[in-house]
Structure formats: C-alpha cells, structure tokens
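As structure tokens, the structure follows; a few thoughts come after it.
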Amino acid sequence: MADYDPLFYEKLFSFIKYLDSFRLGNIIEIFTYLLVALLIYHGYKKYGRKKIILFFLGGFLLTGIEENFMVIQGYFYLFGGPTYYYNFHSYMFWIGAIPLVVLSAWFILTYGSFQIAEMVVSNESNKALLKKLLLAGWMGTSIDFVIDPIVIRRYAWIWLNVKEDAFWFLQVPVTNFIGFFLLVVSFNYYFIWYWEKYAPRHETRSSIKTNGVYFILVFLPLLFVIGIIIICAILLTPFKGNDLSWWPWLN
Amino acid sequence: MTKLDKSIKFLPFVGYLGFFLMQVIIGLLLVAGWLPPNAIGLTDPPVYQPLTIVDLLLLLAMNIPTFIIVVVAFKKIKDKKL
C-alpha cells in the first residue's frame with residue numbers, strides 16, 4: 001500500500017524539496033506561471049490593480065490553507081487517516097505540502113472559468129449570477145476530469161485512501177470533484193459579494209482595513225466548502241468502495 | 001486602442017484552453033510512452049492500468065459540454081469590447 005514520502009515531515013516546510021524535481025518536464029510549470037501572468041493582466045485591465053491582486057492572493061490563501069490542511073491532517077491521522085499528498089519529486093517550488101504551480105493552476109481555472117461564464121450569461125437574464133457561478137464551477141471541475149486520471153499515473157499526486165474508504169470516480173475520490181466545484185463557485189461568489197455588496201456598505205473604512213477584512217472573510221467560503229465536503233462524505237457512505245470508472249484496480 | 005488592448009478579452013480563453021491543452025499533451029505523451037518515469041521515493045507505489053488513446057478520448061468526451069460553453073462564449077465576445 002502506498003504511503004507518504006519517507007522524508008515528508010522533514011521536507012514539509014522547504015520551498016524546494018528535492019533537487020531532482022528540476023527537470024525538462026517543468027516546462028509545464030513555467031507555462032502555467034505564464035498563463036497566470038496573462039490572466040492577471042486581463043484582471044488588471046478589467047478590475048484594476050488592487051482587485052485582481054486581491055483575487056489572486058485571496059485564492060492563494062484559500063486553496064493554500066485548504067489543501068495544506070487536507071494533506072497535513074491526513075498525515076497526522078486527525079480525521080480518519082491518510083488522504084493524499086503531492087509527490088515531492090514532481091514539482092519545483094512549494095508552499096508547505098502544496099506545489100506553487102497547483103495554487104497557480106487553481107487561479108487559472110477559477111478566474112478563467114468565471115470570465116468565460118460571464119461572456120455566456122447575459123446580465124439581464126434571471127438569476128444571472130447563479131448561472132454564471134454554476135457554469136464556472138462546471139468548467140473548472142470538468143478540466144479536473146481530464147487532469148486527475150492522467151497525473152495520478154505520473155504520480156504527480158498520490159491518493160492514499162484505500163478503496164473501501166471512499167466513493168471513487170475515475171479512481172479519484174468523488175469528494176475531490178465536489179470540493180473543486182464548490183471552491184470555484186464559492187470563491188467567485190465571495191469576490192463578487194465582497195466588492196459589490198460588502199465593501200460599498202463600509203466605504204468609510206481605510207483601504208488597509210478593507211483589504212485586511214477581505215483576507216479574514218475569505219475563510220467563510222473555506223468553512224462552507226469544508227462543511228459541505230464533510231456532509232457529502234457522510235451522505236456518500238453507502239457508496240464507499242465503489243468506483244465509477246472503466247479501469248480495474250490493480251492493487 | 002492598441003492591438004494588445006483589443007485582444008485582452010480573449011485572454012481568459014488563452015488561460016483556460018492553454019491549461020487544458022497542456023494536460024492533453026501530457027496525456028498524449030503518456031499514451032505514446034514518451035514521458036520519462038517520475039521519481040516517487042516510494043518502495044510500494046500505487047499501480048494503475050496504463051492510459052490508452054481510447055481512455056484519453058473518453059476523458060475528453062466528458063468535456064464536450066465545456067467545449068460548447070467555450071464556443072458560445074467566443075462567438076458572443078468576438079465583437080464586444082472588454
């Protein structure tokens with residue numbers, strides 16, 4: 001049965017884990033950072049410098065904490081045992097247990113999906129925001145259907161749950177896809193809610209305070225997602241041990 | 001308005017589809033067996049059925065609704081300003 005990297009805890013807080021992680025294959029990582037830069041430029045033109053930086057950093061904080069929490073709590077058996085971890089040999093730069101490129105990819109999917117969804121749904125349509133959020137959530141998650149089955153075969157990350165402990169889709173726990181969908185939806189909603197509803201009601205606040213509160217309240221979508229994931233994990237208990245995919249389990 | 005400013009509205013497509021395309025390329029390289037094995041550091045790593053071109057096509061087919069959304073968005077935005 002697969003286990004954590006032998007030096008998992010020793011290397012947990014290193015920005016660079018192993019020197020063999022610098023390979024030609026890291027071109028993908030560099031391209032991802034370039035795509036992030038392009039989207040930040042788009043956001044700068046559309047929302048202004050402050051808002052796009054806060055979108056990026058807010059998402060960084062949200063996913064950084066959420067994913068580090070999921071990996072590290074699994075390592076310490078806090079809530080039922082091992083979950084998953086990213087292969088320390090596969091990525092160049094790290095924030096705790098999470099590769100920098102994963103956080104960057106999350107920004108591309110969250111921001112890119114919502115921008116495309118905005119183009120599709122007219123602002124005049126009934127429940128326009130809800131439709132945009134759901135479309136963005138779907139678009140973010142559907143890419144995940146392709147990413148996960150491929151990268152687990154590259155050992156870019158390794159699921160440690162045994163088959164009987166989860167309900168699987170394409171050999172990936174279903175809760176992973178649900179969490180991804182909810183993160184895209186809830187973070188985009190939070191960004192819009194904060195700048196269109198919350199911040200205008202507190203216009204007298206200084207810019208520093210407005211930005212500070214933004215980073216504190218970003219924990220609201222995080223708590224929402226974790227809460228729903230826990231509920232889903234409980235509701236999916238009868239399906240544990242099943243996998244909706246065409247691949248056989250080889251071990 | 002500069003040429004760059006005019007093309008800014010297409011950047012979400014570049015970001016989203018660019019990222020998607022990278023995954024497809026990794027998949028194709030994996031199917032072709034052109035990717036060197038990744039270091040794992042584990043004595044007993046999980047074992048998976050190898051990815052085939054049919055698997056990859058099936059995974060891509062799951063994204064057909066997303067492609068439709070992207071095409072509709074592209075058609076709608078083509079003549080609009082940012």
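Could you list all residues from the range A:198-251 that are part of a loop (DSSP other than H, G, I, E, B) and within 14 Å of chain B (Cβ to nearest Cβ)? If the condition is that a residue be part of a loop (DSSP other than H, G, I, E, B) and within 14 Å of chain B (Cβ to nearest Cβ), then A:245, A:246, A:247, A:248, A:249, A:250, A:251 are the ones that fit. Scan the range A:75-98 for residues that are away from chain B (no Cβ under 13 Å) and either crowded, with 20+ Cβ neighbours inside 10 Å or under 23 Å from residue A:24 (Cβ atoms) (or both) and the total you get is 6. The residues of the range A:113-139 that are within 16 Å of residue A:192 (Cβ to Cβ), at the interface with chain B (Cβ under 10 Å from one of its Cβ atoms) and under 14 Å from the mean Cα position of the chain (by Cα), listed by number, are A:113, A:136. Looking at this structure, is residue A:111 under 19 Å from residue B:9 (Cα atoms) and either modelled with pLDDT of 95 or more or in contact with a His (Cβ under 8 Å, 6 or more places away or on another chain) (or both)? It is true that residue A:111 is under 19 Å from residue B:9 (Cα atoms) and either modelled with pLDDT of 95 or more or in contact with a His (Cβ under 8 Å, 6 or more places away or on another chain) (or both). Within the range A:140-155, if we keep just the residues that are in contact (Cβ under 8 Å) with a residue 12 or more places away in the chain and touching a Phe, Trp or Tyr at 6+ places or on another chain (Cβ under 7 Å), the residue that is nearest to residue A:81 (Cα to Cα) turns out to be A:152. Note on the range B:1-71: enclosed helices (runs of 4 or more DSSP H) holding 1 or more residues that are at the interface with chain A (Cβ under 7 Å from one of its Cβ atoms) are B:11-32, B:53-61.
Is it the case that some residue within the range A:169-187 is under 21 Å from residue A:88 (Cβ atoms) and either of a type in the set (Phe, Trp, Tyr) or outside any strand (DSSP E or B) (or both)? So far as the range A:169-187 goes, yes, one or more of its residues are under 21 Å from residue A:88 (Cβ atoms) and either of a type in the set (Phe, Trp, Tyr) or outside any strand (DSSP E or B) (or both).
Checking A:12, A:39 one by one, the residue that is crowded, with 17+ Cβ neighbours inside 10 Å, touching a residue at least 12 places away in the same chain (Cβ under 8 Å) and under 18 Å from the mean Cα position of the chain (by Cα) is A:39 and no other. For the range B:72-82, a residue qualifies if it is facing another protein chain (nearest Cβ under 7 Å) and in a loop (DSSP other than H, G, I, E, B), and exactly one does: B:82. Just one of (1) touching a Ser or Thr at 6+ places or on another chain (Cβ under 9 Å); (2) touching a residue at least 40 places away in the same chain (Cβ under 8 Å); (3) more than 11 Å from chain B (Cβ to nearest Cβ) fails for residue A:173. It is (2). Within the option set A:203, A:164, being under 21 Å from residue A:74 (Cα atoms), exposed (fewer than 15 other Cβ atoms within 10 Å of the Cβ) and among the acidic types (Asp, Glu) holds for one residue only, A:164.
Consider the range A:15-24. How many of its residues are surrounded by fewer than 17 Cβ atoms within 10 Å (Cβ to Cβ) and touching a residue at least 12 places away in the same chain (Cβ under 8 Å)?
Adding up the residues that qualify gives 4.
Okay, residues lined up against (1) within 14 Å of chain B (Cβ to nearest Cβ); (2) assigned to a helix (DSSP H, G or I); (3) under 14 Å from residue A:97 (Cβ atoms):
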{"residue": "A:32", "(1), (2), (3)": "yes, yes, no"}
{"residue": "A:42", "(1), (2), (3)": "yes, yes, no"}
{"residue": "A:46", "(1), (2), (3)": "yes, yes, no"}
{"residue": "A:55", "(1), (2), (3)": "yes, yes, no"}
{"residue": "A:59", "(1), (2), (3)": "yes, yes, no"}
{"residue": "A:62", "(1), (2), (3)": "no, yes, no"}
{"residue": "A:73", "(1), (2), (3)": "no, yes, yes"}
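The values are calculated or read from the model by the stated rules, or taken from the named source; none is laboratory data. Predicted, not measured: the structure shown is a model, and the values here were computed from it. We place every Cβ from the backbone using ideal geometry, glycine too, and count neighbours over all the protein chains shown.
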